[in-house]
Amino acid sequence: MRLSLRRCGRLAPVALALLAAPAAGQEAAGQEAGGREAVRETAIIETIELPAARRDGPLSLEAALAARRSWRRFGERALRLEEIAQLFWAAQGQSRPGRRTVPSAGALYPLDVYAVTRQGLYHYRSADHSTLLERRPFLRDSLFAASRNQEALRQPPAVFVITGTPARSAAKYGARAERYTWLEAGHAAQNLLLQAVALGLVAVPVGAFRDEDVAAALRLPAGEMPLYLIPVGCRPDP
Ligand SMILES: Cc1cc2nc3c(=O)[nH]c(=O)nc-3n(C[C@H](O)[C@H](O)[C@H](O)COP(=O)(O)O)c2cc1C
């Protein structure tokens, strides 16, 4: 099959809906130099049922492998909810009951996957293929600053964040749990990168960032470490 990495079109209705004004009750949030949120927004957390993930597609695995490359600039179109859902599923979704699209030592699944968009913070829940959404429209700026202003983090439509909680694996694997968590993040990241190609999107895996700043921005609980940032979007206009 001939591979064509299609350019992303204009905003779809669902994406427009996702870009709607902040929810009622949300405080205005400002920015400080460095992109940090100056005002902590009211935590408004919604649960969103995600569209079912596709288990088939027009691109072969070999074509996706051959086409994958790192992109650090993106078009402006927001990701559609179906695209976010598919990328979540590729990274950590259920493949069959109790098992996921990635291998995991002892099937203990120490990873979590988030997506940060202009809407705020999505936290994937693989058990029921849903996501929590916390509306924090300036969160991407914090990730840009945490990455020491890397171009790829400037204004990507979405940044997927893979985190690890080694304690989930430690009861069985002890000190080796941390190593397994890092290995598993690689599996999840590669799935996500290949799924992006299959969706006609582009991405880059980013490992250079200040861990404590990403953890603070996402308000991660103690013991949950950010492992990878993966900005994703459409190809930029030429
Ligand atoms: C562990 C890891 C960390 C990386 N960190 C960054 C990063 O911080 N910033 C960046 O722009 N690219 C980062 N990359 C992407 C590499 O620069 C890229 O994969 C490499 O140049 C090969 O190019 P390709 O992905 O297009 O094949 C990282 C890749 C890996 C595997």
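The numbers here are math on the coordinates, done by the rules we state, and not lab data. Worth saying up front: this structure is predicted, and the values here are computed from it rather than measured. Note that each Cβ is placed from the backbone with ideal geometry, even for glycine, and that neighbours are counted across all protein chains shown.
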Taking Rh as the Kirkwood radius computed over C-alpha pairs, what is the Stokes-Einstein D of segment 173-238 at 20 °C in a medium of viscosity 1.002 mPa s, expressed in µm² per second? 157
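Find the Rg to Rh ratio for segment 41-173, where Rh is the Kirkwood radius over alpha-carbon pairs and Rg uses the same atoms. List each step's numbers first, then the result.
On the way: Rg = 16.0 Å, Rh = 16.4 Å.
That ratio equals 0.98.
May I ask you to order 176-182, 158-164 by the average number of other C-beta atoms within 10 Å around their residues, highest value first?
Values: 176-182: 18.0, 158-164: 24.7.
Highest to lowest by the protection proxy: 158-164, 176-182.
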Tabulate in residue order the Karplus-calculated ³J(HN,Hα) for segment 104-113, using 6.51 cos²θ - 1.76 cosθ + 1.60 with θ = phi - 60°, rounded to whole Hz; enter x for Gly and Pro. 8, 4, x, 6, 9, 6, x, 9, 10, 10
Non-local residues with an amide H under 5 Å from the amide H of R235, with H modelled 1.01 Å from N and Pro and chain starts lacking one, are C8, G75, V202
For N149 and Q190, compute 0.36 nm times the residue count separating them, minus their Cα-Cα distance, and round to one decimal in nm. 12.4 nm
Theoretical gain in end-to-end length, D128 to A222 [0.36 nm per residue, Cα-Cα removed]: 31.4 nm
